[in-house]
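Down below is the structure, laid out as structure tokens.
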Amino acid sequence: MRLKIAVIALLLLAFVTVACAQKAAPDRTGAAKKAGVRIAKELGLTKEQAKQIREIVAKYRQDVAAEIKSGDTAAQKKAKIKELRDAAAAAIMAVLNDEQKAKAEKMHLTALLLEPRARLKAGLIAMLAKLNLTEEQKSSIKSIAEQAKTTAKSIKDDSSLDKAAKKAKLVELRKDTRAKIMAVLTPDQQQQLKKMMAGAKERIKDRVKNRKGAR
């Protein structure tokens with residue numbers, strides 16, 4: 001588990017372009033729908049339960065989008081969004097029976113539904129599984145991940161650098177980290193990962209486009 005977390009952390013750092021998916025936006029693309037069907041099947045949800053949960057999540061995202069656009073301070077927005085997330089999580093769990101709640105807790109259901117970062121991690125786990133990494137590759141990537149995290153922290157904590165300089169150094173770190181990851185992978189794995197990342201970028205573009213079109 002520690003290895004998986006380390007690898008995920010590295011991929012989150014190396015492929016930062018996917019992070020724009022963390023912005024509040026409608027998330028009912030084909031991939032999201034498939035994930036929803038899978039979750040519903042694993043939990044044994046009825047159609048009515050699935051409908052109720054979809055409505056809760058949709059309302060939560062609308063409320064978050066409205067709060068982001070509000071005139072509140074950054075601290076107020078953060079507190080309000082947390083309040084909205086907690087309320088939505090409680091509402092989702094209230095829809096489930098005891099057996100479903102136990103399964104939902106194990107699979108971190110509310111995080112997957114309400115937190116973009118959690119959905120991103122889940123997607124990266126799926127990507128890793130498809131690459132069929134060897135133990136040696138996993139070990140190498142873990143080392144790269146730990147070094148990247150240490151370097152990123154030192155950059156963020158460097159008081160001698162202004163915001164622009166820190167951003168530039170972090171961008172360079174991500175490029176370097178990505179290059180190191182690619183060097184660990186076989187040519188076939190590199191192509192497979194590039195295709196998956198390209199697909200993820202396209203889905204993000206579609207979501208952004210749909211969001212702008214809905215305004």
Handout entry: Restricting region 67-93 to residues that are more than 21 Å from the chain's Cα centre (by Cα) and farther than 15 Å from Leu114 by Cα, the residue that is surrounded by the most Cβ atoms within 10 Å (Cβ to Cβ)
Key = Asp72
Practice task
Tell me, please, whether a residue that is surrounded by 12 or more Cβ atoms within 10 Å (Cβ to Cβ) and not in a helix (DSSP H, G or I) can be found in region 164-185.
Solution key: yes
Practice task
Pull up region 148-160, narrow it to residues that are without any contact (Cβ under 8 Å) to a residue 60 or more places away in the chain and surrounded by 15 or more Cβ atoms within 10 Å (Cβ to Cβ), then point me to the one that is nearest to Ala129 (Cα to Cα).
Solution key: Thr151
Exercise for the section: Six or more apart or on different chains, Cβ under 6 Å: which pairs go from a residue in region 69-95 that's farther than 19 Å from Arg54 by Cβ to one that's assigned to a helix (DSSP H, G or I)? Could you list them? Expected result: Lys77/Glu67; Lys80/Glu67; Ile81/Val64; Ile81/Glu67
Practice task
May I ask you to verify whether Met127 is of a type in the set (A, V, I, L, M, F, W, C), more than 27 Å from Lys195 (Cβ to Cβ) and in contact (Cβ under 8 Å) with a residue 12 or more places away in the chain?
Solution key: no
Practice task
Determine the pairs where a residue that is within 15 Å of Thr134 (Cα to Cα), located within region 183-197, has a partner that is buried (at least 16 other Cβ atoms within 10 Å of the Cβ) and of a type in the set (S, T, N, Q) with Cβ atoms under 6 Å apart, the partner being 6 or more residues away or on another chain.
Solution key: Val184/Gln137; Val184/Ser140
Handout entry: Residue check for Gln100: in contact (Cβ under 8 Å) with a residue 40 or more places away in the chain, farther than 30 Å from Ala58 by Cα and polar (S, T, N, Q)
Key = no
Completion exercise
Of the residues in region 186-198, those that are polar (S, T, N, Q) and surrounded by fewer than 15 Cβ atoms within 10 Å (Cβ to Cβ) come to Thr186, Gln191
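Read the figures in this text as sums done on the coordinates, not as results from a lab. These numbers were taken from a predicted model, which means no experiment stands behind them. Virtual Cβ from ideal backbone geometry, glycine too; neighbours counted across all protein chains shown.
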